[in-house]
Amino acid sequence: KGGAVADFFKHAGVQPQNVTPQHVDDWLDELRSRGLSTATVYARASMLSSFYRWLMSDDALRHVIVHNPVTLARPEAPKAYKGAQALSDDEVMQLMGLVKSEADAGKLTAKRDYALLLFYILTGHRRQEVIRLQWGDIKRNGALTVHFLVKGGDYKTEEVSLLCWDALIDYLTAAGRLDDMTPTTPLWTGHDRGGQASGALSSHSFSKNLKRYARDAGIGKIHLHQLRHTVARMVGDDTGDISAVQRVLGHKNQKTTRVYLERVTVKKDNHSESIARRLGL
């Protein structure tokens, strides 16, 4: 139990009394990105929850620790979570098509979310690596280059599709934010009913929107981390090269990439027809 709790606080970087459900949600996604099974992720969340229940039972601490952030984050039980499932190409197109149609109709949050979806689908980066991007992290000089703060605290600069730039500029222009951007301005913000920016957008808020889009597109339940699994599947299908998938996902250990591919790749049927013909079936 102690290992799971220590791992959480190393990831969150805050004191127990300052932990929010968002910290827990981000940590759970980080565990999934390591290739841990759904049951293992859920077990570690339960260990952290037990730790908070213990803190709250202590007379000296209960006035400081007033809530259990794990309970508030509502981590899903193993049977309910399908984080290892990649979307099919058709499902991705359905999802993107629906969000783009709302964006083209002039809905501001849909313009933002369409740009965000492109960043996730076309780069394969983790949820926090995309959601915390600032204006100073991107450069448009012929190509589009993006400076990502990646897992481990390192920075990685890479070339990104200009489709991301076009969608981003469309969103910032529609929001009236483009002329006011500074190097430390977040790319993605929430918006009040009048369309005014209301602070940096959290991955939790975007995840809620994504679930609604998926439901409206007829895809059903979805989790934001499935977009990263989907990128792994598509790159694996296109290249057949585990090293290419490893580079896209930013894994230091190819074993982690192999676990990803084993979980999300559908084994192709290359032999059943010839076996059936051989047996006269």
Quick tally, 1.4 Å probe accessible area for Arg32, Arg277, Arg193, sorted with the most first, runs Arg193, Arg277, Arg32
Report, ordered by chain and residue number, the aspartates and glutamates lying within cross-link reach of Lys107, taken as a straight Cα distance under 13 Å and ignoring same-chain residues fewer than 8 apart.
-> Asp170, Asp192
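In terms of solvent-accessible area of protein heavy atoms at a 1.4 angstrom probe, what is the ranking of His225, His147, highest value first? Walk me through the numbers before you get to the answer.
Working: His225 10, His147 70 Å².
Greatest to least solvent exposure: His147, His225.
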Surface accessible to a 1.4 Å probe, Asp237 within the full protein complex, Å² | 70 Å²
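How large is Rg over Rh for the chain, taking Rg from the Cα atoms and Rh as the Kirkwood inverse mean of 1/r across Cα pairs?
Numbers: Rg = 20.8 Å, Rh = 20.6 Å.
Answer for the chain: 1.01.
Restricting things to Cα coordinates, could you compute the convex hull volume per residue of the stretch 89-135 in Å³? Please list the in-between numbers first.
Values: hull volume 3.6 nm³, N = 47.
In the stretch 89-135, the Cα hull volume divided by residue count equals 77 Å³.
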Among Gly195, Gln254, Tyr42, whose Cα lies farthest out toward the positive end of the dipole of the chain, if unit charges sit on the beta carbon of Lys, Arg (+1) and Asp, Glu (-1)?
-> Tyr42
For Ala200 and Leu178 in one chain, what is 0.36 nm times their gap in residues minus the Cα-Cα distance, to one decimal in nm?
-> 6.4 nm
What whole-number value in Å² describes the accessible area per residue of the chain for a 1.4 Å probe?
-> 53 Å²
Taking every C-alpha to C-alpha distance in the stretch 1-45 and binning by 10 Å from 0, the per-bin percentages run 28, 61, 11
Taking the chain and dividing mean pair separation by its residue count, relative contact order in percent (alpha carbons under 8 Å, at least six apart) | 18 percent
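Could you give the C-alpha radius of gyration of the stretch 93-228 expressed as a fraction of 2.2 N^0.38 Å, taking N as the number of residues it contains? Walk me through the intermediate numbers first.
On the way: Rg = 14.2 Å, N = 136, 2.2 N^0.38 = 14.2 Å.
So the Cα radius of gyration is 1.00 times the expected 2.2 N^0.38 Å.
The values are calculated or read from the model by the stated rules, or taken from the named source; none is laboratory data. In this text, all values refer to a predicted model and were calculated from it rather than measured experimentally. A quick note on method: Cβ atoms are made from the backbone with ideal geometry, for glycine too, and the neighbour counts reach across all protein chains shown. Heavy atoms of the whole protein, side chains included, go into the accessibility calculation; ligands, DNA and RNA do not. Shrake-Rupley method; radii C 1.70, N 1.55, O 1.52, S 1.80 Å.
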